[in-house]
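For reference, the structure is listed below as structure tokens.
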Amino acid sequence: PMPRSKPHPALPQEIPFGMIIIPGQPASALPLQKTNITGQVTGPLASISITQAFTNPLTQPVELEYLFPLPHKAAILDFELRIASRVIRGDLRETEQARQDYEYALSHGQQAALLEERRPNLFAVRLANVRPAESILAVIRYQETLSYRDGEYELVIPMGITPKSTS
């Protein structure tokens, strides 16, 4: 299972699919340059790949968070980040060990990433020490079982997430 973390106090109220922010500064979103969605549907199973491109416009290395929602029944198959010429791929570890490894890399000026579930169906990837002007390419691959209603399957690609009201 993906690590679950405490709710992030500074998350924006509405999160478009694929948003990169500076942690603790929700108005700091980096501009999205491109989104590409491909998929294959075989009966009730959909395999989806979403690729998004960004650039760090800042003048110094910075820690960033890449936020993305997934459908409720989705399972992440693969996650990859390309920062400049480096490729960071997902690797499952115990929650505390993964956090310790990330914090060590962050504090020692090394580049690293940490994928965590922020709240149900909202994931965040923390990126340590992204250098100025570096390009960032995020690739998420997931599968989900589609809903079947009135003789048809329904496929929904979440392009944003808003908090649920409690009224």
Which whole-Hz couplings ³J(HN,Hα) result when phi for each residue of region 59-72 is put into the Karplus expression 6.51 cos²θ - 1.76 cosθ + 1.60, θ = phi - 60°, listed in order with x for Gly and Pro? 9, 9, x, 8, 8, 10, 10, 9, 9, 8, x, 10, x, 4
For region 98-109, just list the computed ³J(HN,Hα) in residue order, Karplus coefficients 6.51, -1.76 and 1.60, θ = phi - 60°, integers in Hz, with x standing in for Gly and Pro. 4, 5, 5, 4, 5, 4, 4, 4, 4, 6, 9, x
Sequence-distant or interchain residues sharing an amide H contact under 5 Å with Gly90, placed H: which? Phe79
Ser135 versus Ser147, label points 7 Å from Cα toward the beta carbon: distance in nm? 3.8 nm
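Given axes a ≥ b ≥ c from the Cα gyration tensor, I'd like to know whether region 37-161 is rounded (a/c under 1.5), prolate (a/b larger than b/c) or oblate. All intermediate terms of the calculation are to be shown ahead of the outcome.
Numbers: a/c = 2.67, a/b = 1.93, b/c = 1.38.
Judged from the Cα gyration tensor, region 37-161 comes out prolate (a/c at least 1.5, a/b above b/c).
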Could you pull out every residue, at least 5 positions away or on a different chain, whose amide H is within less than 5 Å of the one on Leu58? Hs are placed 1.01 Å off N in the peptide plane, and Pro or chain starts have none. Ala133
Efficiency of FRET between Asp101 and Ser47 - r from beta-carbon atoms, R0 35 angstrom, step 0.05: 0.75
Rg [Å, one decimal], Dmax [Å, integer] - region 52-102, C-alpha atoms: 13.6, 40
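Bear in mind that the values in this text are calculations on the coordinates, not laboratory data. These numbers come from a predicted model, not from an experiment. As a convention, Cβ positions derive from the backbone with ideal geometry for all residues, glycine included, and neighbour counts pool all protein chains shown.
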